[in-house]
Amino acid sequence: LGPATLETLPPEPLLIAATAGTTDAGLIDPLPEIAALCARRGARLHIDAAYGGALLFSPRHRARLDGLAAADTVTLDLHKLGWQPVAAGLLAVRDGHDLAALNHRADYLNADDDTEAGLPDLLGRSLRTTRRPDVLKIAVTLKTLGRTGLGHLVDRVCAQAQEFAELVDRHPGFELHAPPTIGTVLFRPAGATDDTVAAVRRQLLTDGRAVLG
Ligand SMILES: Cc1ncc(COP(=O)(O)O)c(C=O)c1O
């Protein structure tokens, strides 16, 4: 829904979810307009920045996420644009009370004396108990590359997507769906049916040459 359609919603929407980087074309919703509308209507704003959130690392592309800071909650997947193996999903909340629903207690996990001594109760962060240390690889990447290093990688991906899209656009054998907004280039063989596209995709997959979405 665009901002104009959102204006027609019933007077008290509870939650509006915007997307910063759609799964297919990488489109970014008009975040400042949606954030202003949420403020006017008293609605909470969640921004799914699973794909596009890493643009924040790049001084060149960061402004495309203006409005993100107004969100109550943001999701970010560094296993999409962030050079992490799965799983590297993060949920950022503006107000720590939003995590209160996760605040369950189990005597064997929450020893009162440990809590009083200031040790964190991981049960208040997730309902899962046994878990993989997924944050370790993120920490190592941030420590090694830093925001600047990741920003360079983001810039390179965006530039290469643009360059590839221009090559596709100039090639008579391909049709470019639209100029890329992040790193996804949508194109197909000119005049090909959906069945032909699917057959090519499966062939590349079974040959072990490429995984196409
Ligand atoms: C925009 C967006 N949000 C959420 C998801 C779900 O991400 P995950 O598979 O990490 O839960 C995807 C996955 O492609 C996505 O593209």
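The values are calculated or read from the model by the stated rules, or taken from the named source; none is laboratory data. Worth saying up front: this structure is predicted, and the values here are computed from it rather than measured. Virtual Cβ from ideal backbone geometry, glycine too; neighbours counted across all protein chains shown.
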Can you list residue pairs whose Cβ atoms sit under 6 Å apart, with the first residue in region 184-205 being within 29 Å of Ile28 (Cα to Cα) and assigned by TED's automatic domain parsing to the domain that holds Ala165 and the second being in a helix (DSSP H, G or I) and of a type in the set (Phe, Trp, Tyr)? Count only pairs 6 or more apart in sequence or on different chains. Val185/Phe164
Would you check which residues across region 1-29 are surrounded by fewer than 20 Cβ atoms within 10 Å (Cβ to Cβ), touching a residue at least 24 places away in the same chain (Cβ under 8 Å), outside any strand (DSSP E or B) and within 16 Å of the ligand (Cβ to nearest atom) and list them? Thr22, Thr23, Asp24, Ala25, Leu27
Subset of region 70-100, residues part of a loop (DSSP other than H, G, I, E, B), within 15 Å of the chain's Cα centre (by Cα) and surrounded by 16 or more Cβ atoms within 10 Å (Cβ to Cβ), comes to Ala71, Leu78, His79, Lys80, Leu81, Gly82, Trp83, Gln84, Ala88
Tally up the residues in region 30-60 that are touching a residue at least 60 places away in the same chain (Cβ under 8 Å), among the small types (Gly, Ala, Ser) and part of a loop (DSSP other than H, G, I, E, B), please. 1
Can you give me the number of residues within region 177-213 that are among the β-branched types (Val, Ile, Thr), more than 23 Å from Gln160 (Cβ to Cβ) and in a helix (DSSP H, G or I)? 2
